[in-house]
Amino acid sequence: MALARRGPLGRRERIRLTQHILLAGQTGSGKSSTQRVIAAHVLQAPDACLEVWDLKRISALRDYRGRARTCVTAAEVSARLRDLVGREFTERADRLIAGEDVPYLVVLVDEAATLLRELDAYAQRDFFGAVEMGRELRVFFVLAVQHPLALTIPTQLRSQLACVISHRLKSAKESEVVFPGLGSAGWAPHLLGGPGTCLVWEHDRSPRTLYGLWLSPGRFRGLRVHGQVTALGAPVSLDKRVAPVAVARPDTRLTSHSAPATATRNTRTDAFTEEIERALLGGPAGVREVARATGRNPGSVHRKIRQLAVRGLVEETPDGFTLPHVNAQEEDSS
């Protein structure tokens, strides 16, 4: 699909939609237009269907009602994940083995970091499993984030992303999360210029500044849908919410982390997580060191770090707790 140009009037740059994609960009950077461009390509494809998972209920329903299946609450996303890994993946595998045509499914996840925080531990495990198994079953995820952080985009998720599109970011720290270890080679989206400019990492691309194609909300809503509205299974009314259903979980889903039944969901915890990340960026640290750096109670820090460790966002080493991406970089440099 055409995504951007080399210069305002230059030739178009294309990417493949049949891969997992990370789309990053701060407010006003052009990320929303790029989301609409990607969604438009899927809606125009006769062999594909689009799903939108977006907790910003109004924008999702306004732009995608009648065009794509939408999930606008954590409960709806959890139910859809259970159905996806429990029923649809099995059906897709059976049909592909039989040589049948299976429609591509592209899942656009807006504010993916926020969504992951809202999901409980079991739904998070299903989410990671869906991303890991999806490629072989023609299911692809586009994860849009506004403020990428190492703790909100876990290593096990970043490792599955074959393409990264980044508009302007707020800081060098966020650029390092999106393009780890590549800042010195020119992959520095925090240095990009005005709205619409972006960097696209895919295969052997060089860090060339591109200009994203513009698609306004009004023009997007006027596009005709040529593809399928729903994926495999009985059609779902797009005007109704997805009711939670009990679905058997397959043995193939991720089971590397046993996790607590619920995840904390308040803004204070989000700030707490970011404070811990900043404290660990300098290297391994113990609970008391993190408590001193954050100014919080050691008991609260210990409980929070244990929760993050269960989710694979923090690792315990002989020298203390550390961030997985920091630990990996130290190993690569040694």
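Just one of the listed residues (Thr152, Thr197) is hydroxyl-bearing (Ser, Thr, Tyr) and closer than 30 Å to Arg125 by Cα, and it is Thr152.
Contact annotation: residue pairs with Cβ atoms under 6 Å, 6 or more positions apart or on different chains, pairing a residue in segment 89-115 that is within 30 Å of Ser33 (Cα to Cα) with a partner that is open to solvent by 40 Å² or more (accessible area, probe 1.4 Å) and at pLDDT 90 or above, are Val102/Arg95; Val102/Leu96; Val102/Arg138; Tyr104/Arg138.
Whenever a residue of segment 71-87 is over 19 Å from Glu111 (Cα atoms), its partners that are part of a helix (DSSP H, G or I), lying with C-beta atoms within less than 6 angstrom and at least six residues away or across chains, give the pairs Leu84/Ala130; Val85/Asp126; Val85/Gly129; Val85/Ala130. For segment 27-44, filtered to residues that are open to solvent by 10 Å² or more (accessible area, probe 1.4 Å) and touching a His at 6+ places or on another chain (Cβ under 7 Å), the residue that is farthest from Glu202 (Cα to Cα) is Gln44. Annotation: of all residues in segment 15-44 being closer than 18 Å to Val164 by Cα, part of a loop (DSSP other than H, G, I, E, B) and not hydroxyl-bearing (Ser, Thr, Tyr), the one that is nearest to the chain's Cα centre (by Cα) is His20. With the requirement that a residue be in a helix (DSSP H, G or I) and within 13 Å of the chain's Cα centre (by Cα), what does segment 130-151 give you? Once the filter is applied, which keeps residues that are in a helix (DSSP H, G or I) and within 13 Å of the chain's Cα centre (by Cα), segment 130-151 yields Ala130, Val131, Glu132.
Only one of the numbered conditions (1) closer than 19 Å to Glu111 by Cα; (2) touching a helix residue (DSSP H, G or I) at 6+ places or on another chain (Cβ under 9 Å) is not met by Gln35, and that is (2). Could you list, in sequence order, the residues of segment 45-80 that are farther than 19 Å from Ile21 by Cβ, hydrophobic (A, V, I, L, M, F, W, C) and either assigned to a helix (DSSP H, G or I) or open to solvent by less than 20 Å² (accessible area, probe 1.4 Å) (or both)? Matches in segment 45-80: Ile58, Leu61, Val72, Ala74, Ala75, Ala79. Evaluate segment 173-183: report whether one residue or more is out of contact with any Phe, Trp or Tyr (no Cβ under 9 Å at 6 or more places or on another chain) and closer than 23 Å to Glu51 by Cβ. Looking for residues that are out of contact with any Phe, Trp or Tyr (no Cβ under 9 Å at 6 or more places or on another chain) and closer than 23 Å to Glu51 by Cβ, one finds none in segment 173-183, hence no. For segment 1-14, a tally of residues being touching a residue at least 24 places away in the same chain (Cβ under 8 Å) and surrounded by fewer than 19 Cβ atoms within 10 Å (Cβ to Cβ) returns 8. Once segment 273-289 is narrowed to residues that are part of a loop (DSSP other than H, G, I, E, B) and among the small types (Gly, Ala, Ser), the residue that is surrounded by the most Cβ atoms within 10 Å (Cβ to Cβ) is Gly286.
If you filter segment 152-170 down to residues that are charged (D, E, K, R) and in a loop (DSSP other than H, G, I, E, B), you find that the one that is farthest from Glu118 (Cα to Cα) is Arg168. The residue that is farthest from the chain's Cα centre (by Cα), among those in segment 152-163 that are aliphatic (A, V, I, L, M) and open to solvent by 10 Å² or more (accessible area, probe 1.4 Å), is Ala162.
The values are calculated or read from the model by the stated rules, or taken from the named source; none is laboratory data. No experiment lies behind these values; they were computed from the predicted model shown. For neighbour counting, all protein chains shown are included, and Cβ atoms are generated from backbone atoms with ideal geometry for every residue, glycine included. Note: areas computed on protein heavy atoms with side chains; ligands, DNA, RNA excluded. Shrake-Rupley method; radii C 1.70, N 1.55, O 1.52, S 1.80 Å.
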